[in-house]
Amino acid sequence: MDQQQQIAMVQQMRQHSSGNDQGLQPSITYDVTVKEYMIPTSAGDTRVLVYVPNRQNEPALTLPVFFNMHGGGFVLGQADGDDPWCRLIADRAGCMVVNIDYKLAPEHKFPTAVYECYDVVKWVHTHADEFSANVSMFAIGGHSAGGNLATAVCLLNRERGNEFPILLQIIDYAVLDLATDPAEKPGFPEAIPADVARTFNTMYLMKPEDASNPLVSPILADSLSNLPEALIITAERDSLAQEARAYAAKLEASGVSVTLKEYQGAVHGFTHHGDLQMAEDAWYLMSDKLKGVFNQASV
């Protein structure tokens, strides 16, 4: 399948998914202000949604920043799908959330989204005064493919000498190994079908050998030392859970502090679809971990 055929296929998938996306909503409303910005990156202008908690009784101050990347197999989804949950994180963690609407494959293949997300973080770091952002307290995370991009940004930042501080990475049921054929991963009736996962991977990669690049498959990195602390969330009945557990173990063996939480009976995408109580527990875990890390860094 050539790229034009890939684009035609995925456009149909996007139309179908946009009309059938009945995602979960938080059980309460969070008081935040949301603004849209266009940030210049190597991929062109990148749309971001910036969330700031409304703290009427607190003095104006700089805020820690959490960068969020949505899921969708690198080819589907948009930042707006995470909107209700970014509001939760901003309010509960007392931080600014920068929700990145990165470019999708197959129109924009690897490494476009990796460098684009990296550029957004670097730009906010450089222009922190415009956002009242605290340049010493950044965190990054994502869901599914977005979790992959978060790990890649952390690896790239280390490779470039830590151009900006990342205190925590949140890896939510992420794909961390694109080099292994999806059919060889653990199978569950509820899991993403292997042929679908294989198609998404093919759409994301410029060439098959890119699958072995650590910025595509972080599990294959020679070293995971000197990376940020990690919160890793997995779903028991997800074919990607095994590689996330392996990544957690590899991080710990490299001296990185890791919190690993596996939700029993959960399936891929459970933080956005399915049982609200379980989903909110995961979002509370993310926001509480962020708040704890930011508070510790401010002491």
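The values are calculated or read from the model by the stated rules, or taken from the named source; none is laboratory data. A quick note: this is a predicted structure, and the numbers were derived from the prediction, not measured. Ideal geometry is used to build each Cβ from the backbone, glycine not excepted, and the neighbour counts take in all protein chains shown. Areas reflect the complete protein model, heavy atoms only, side chains present, ligands, DNA and RNA absent. Shrake-Rupley method; radii C 1.70, N 1.55, O 1.52, S 1.80 Å.
When you go through GLN242, GLN277, GLN264 one by one, which is the residue that is among the polar types (S, T, N, Q), touching a Pro at 6+ places or on another chain (Cβ under 7 Å) and more than 20 Å from MET69 (Cβ to Cβ)? Matching residue, one of GLN242, GLN277, GLN264: GLN242.
For the residues ILE171, ILE192, ILE140, the requirement of being surrounded by 15 or more Cβ atoms within 10 Å (Cβ to Cβ), of a type outside the set (Asp, Glu), within 14 Å of the chain's Cα centre (by Cα) and more than 18 Å from ALA43 (Cβ to Cβ) singles out ILE171.
Going by the conditions given, is ASN20 out of contact with any Gly (no Cβ under 9 Å at 6 or more places or on another chain), open to solvent by less than 90 Å² (accessible area, probe 1.4 Å) and at pLDDT below 95? Considered against the rule, which asks whether it is out of contact with any Gly (no Cβ under 9 Å at 6 or more places or on another chain), open to solvent by less than 90 Å² (accessible area, probe 1.4 Å) and at pLDDT below 95, ASN20 comes out as no.
Candidates are the residues of segment 279-298 that are of a type in the set (A, V, I, L, M, F, W, C) and within 17 Å of CYS86 (Cα to Cα); the one that is farthest from the chain's Cα centre (by Cα) is PHE294. Every residue in segment 62-88 that is β-branched (Val, Ile, Thr) and either modelled with pLDDT of 95 or more or in contact with a Cys (Cβ under 8 Å, 6 or more places away or on another chain) (or both), please. Listed by number, the residues that qualify are VAL65, VAL75. Under the condition of being of a type outside the set (S, T, N, Q) and either free of Cβ contacts under 8 Å to residues at least 40 places away in the same chain or open to solvent by less than 20 Å² (accessible area, probe 1.4 Å) (or both), the residues counted in segment 282-299 number 8.
Quick one: is TYR247 hydroxyl-bearing (Ser, Thr, Tyr) and crowded, with 17+ Cβ neighbours inside 10 Å? Judged against the criteria, TYR247 is a match. Within segment 219-244, work out how many residues are among the acidic types (Asp, Glu), closer than 15 Å to LYS185 by Cβ and surrounded by fewer than 21 Cβ atoms within 10 Å (Cβ to Cβ). Number satisfying all stated conditions: 1.
With the condition kept exactly as written, say whether any residue in segment 116-131 is among the small types (Gly, Ala, Ser) and either over 21 Å from ASN295 (Cα atoms) or under 20 Å from the mean Cα position of the chain (by Cα) (or both). Scanning segment 116-131, I find no residue that is among the small types (Gly, Ala, Ser) and either over 21 Å from ASN295 (Cα atoms) or under 20 Å from the mean Cα position of the chain (by Cα) (or both), so the answer is no. For PRO182, state whether it is buried (at least 16 other Cβ atoms within 10 Å of the Cβ), modelled with pLDDT of 95 or more and out of contact with any Asp or Glu (no Cβ under 7 Å at 6 or more places or on another chain). Criteria met by PRO182.
Where residues in segment 23-81 are basic (Lys, Arg) and out of contact with any helix residue (DSSP H, G or I) (no Cβ under 9 Å at 6 or more places or on another chain), which of them is surrounded by the most Cβ atoms within 10 Å (Cβ to Cβ)? The residue in question is ARG55. A single member of ALA113, ALA128 is surrounded by 22 or more Cβ atoms within 10 Å (Cβ to Cβ), touching a residue at least 60 places away in the same chain (Cβ under 8 Å) and not charged (D, E, K, R), and it is ALA113.
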